[in-house]
Amino acid sequence: MKVEDVKFVKDYIKVTYDAWLKGWHERNGGNLSYRIAEDEIKDIKGELDENSEFTPIEVSVPNLANEYFLVTGSGKYMRNVILDPEANIGIVRIDGKGEKYKIVWGLLDGARPTSEFASHLMSHSVKKEITGGKNRVIYHSHTTNLIALTFVLPLDSKVFTRELWEMATECPVVFPSGVGVVPWMVPGGKAIAEETSKLMKEFDVVIWAHHGTFAAGDTLDLAFGLMDTAEKSAEILVKVLSMGGKRQTITADNFRDLAKEFNVTLPEKFLYK
Ligand code: 2HA
Ligand code: ZN
């Protein structure tokens, strides 16, 4: 079967195009990676070229040894993925130690995986470990309103979580563990990858101050839906702040009632007075 025709690739492309329409991916902004399941690789085995050279990935992710990832290309535009998948995205395979990768499909003409590959892989490594392999998606976007809030709110996970939860009743149910915040850092390297993956131990949403957002999910739909929900909430907060701020809101006790009814655990540290 052609790589472009298999379901996980079609689903991945749908996310890239939907996300472009959301306005989160100006120019080459943002990137998406999917850890491919064994049976999905079987379907396309004949299409993969395993003869390419290995390249170091600058971080070590031993629990991702020999895994395959579908990933966006460095410098490639999210809006172009749907037009020419083979040029803009690719499948890479990690080596037996988790220290190198090679391109086995796509990323034509010398293209490379996203500049945030280190952040993706270190976050995948953490999430694979703590979800027993269920988590497959790491997604980075330039969500306008979440970024705007990083200029106004304290860069504190407690404040961001509580404020975003208050803006829409579904939020504590969709991201009950809250959101993490990384202060401004130089993107594209090992240092920001380490900070992000540390926060991924606790959160599925990690905001990069003055830059964008990372979301993790078991499926492409869940990761996209999580990004969409957090960003929608941020948009409401931007509007509320622009209208002079809250006059009433959802209270800490309201959240406790919600948690009971929806069977979610909301950490008390976010339910301060
Ligand atoms: O892919 O989003 O963070 C470009 C970026 C870097
Ligand atoms: Zn970015």
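Throughout, read-outs are computed from the coordinates displayed, never taken from laboratory work. Keep in mind that this is a model prediction, so the values were computed, not measured. As a convention, Cβ positions derive from the backbone with ideal geometry for all residues, glycine included, and neighbour counts pool all protein chains shown.
Worth pointing out:
- Amide N of segment 168-201 lying under 12 Å from the label point, which is placed 7 angstrom from the Cα of Ala259 along Cα→Cβ: 172-173, 176-178
- Dipole moment magnitude, nearest 20 debye, segment 1-120 about Cα centre, only Lys, Arg, Asp, Glu C-beta charged: 300 debye
- Using the Cβ of Glu53 as centre and a radius below 13 Å, the other residues enclosed give a net charge of +1, where K and R count +1 and D and E count -1.
- Against the empirical 2.2 N^0.38 Å (N residues), segment 152-273 has a Cα radius of gyration ratio of 1.06.
- Largest-first principal axis extents, alpha carbons of segment 57-197, Å: 45, 33, 29
- Shape box of segment 2-67 [Cα atoms, principal axes, largest first, Å]: 36, 31, 21
- Principal axis dimensions, largest first and in whole angstrom, of segment 178-218 by Cα: 27, 19, 14
- The Stokes-Einstein estimate for segment 124-201, based on a Kirkwood radius over Cα pairs and taken at 37 °C with 0.692 mPa s viscosity, is a diffusion coefficient of 234 µm²/s.
- Estimated from helices alone, the mean residue ellipticity of the chain at 222 nm is -11500 deg cm²/dmol (sum of -39500 (n - 2.57) over DSSP H runs with n ≥ 4, per residue).
- When segment 16-120 is described by a simple charge dipole with +1 on each Lys and Arg Cβ and -1 on each Asp and Glu Cβ, the residue from Ile82, His25, Gly46 located farthest towards its positive end is His25.
- Charge dipole of segment 115-273 (Cα centre as origin; +1 on each Lys and Arg Cβ, -1 on each Asp and Glu Cβ, all else neutral): 220 debye, rounded to the nearest 20.
- Most tightly packed first, judged by the mean number of other beta-carbon atoms within 10 Å of their residues, the peptides 43-54, 16-27, 233-244 read 16-27, 233-244, 43-54.
- Proximal charge balance of Gly189 [Cβ under 10 Å; K/R count +1, D/E count -1]: -2
- Of the DSSP H helices in the chain, those whose Cα atoms cover at least 30 Å axially and whose Kyte score averages -1.0 or more: 220-242
- Counted residue by residue at 0.36 nm each, then reduced by the alpha carbon distance between them, the extension gain from Ser177 to Thr251 reaches 24.9 nm.
- Taking one quarter of the surface of the C-alpha convex hull of the chain gives a mean projected area of 14.3 nm².
- The chain - charge dipole about Cα centre, Lys and Arg +1 at Cβ, Asp and Glu -1, debye rounded to 20: 640 debye
- Here r is the Cβ-Cβ distance between Lys239 and Lys2 and R0 is 41 Å; the resulting FRET efficiency, rounded to 0.05, is 0.35.
- Of every Cα-Cα pair in segment 1-110, the percent that sits beyond 18 Å: 48 percent
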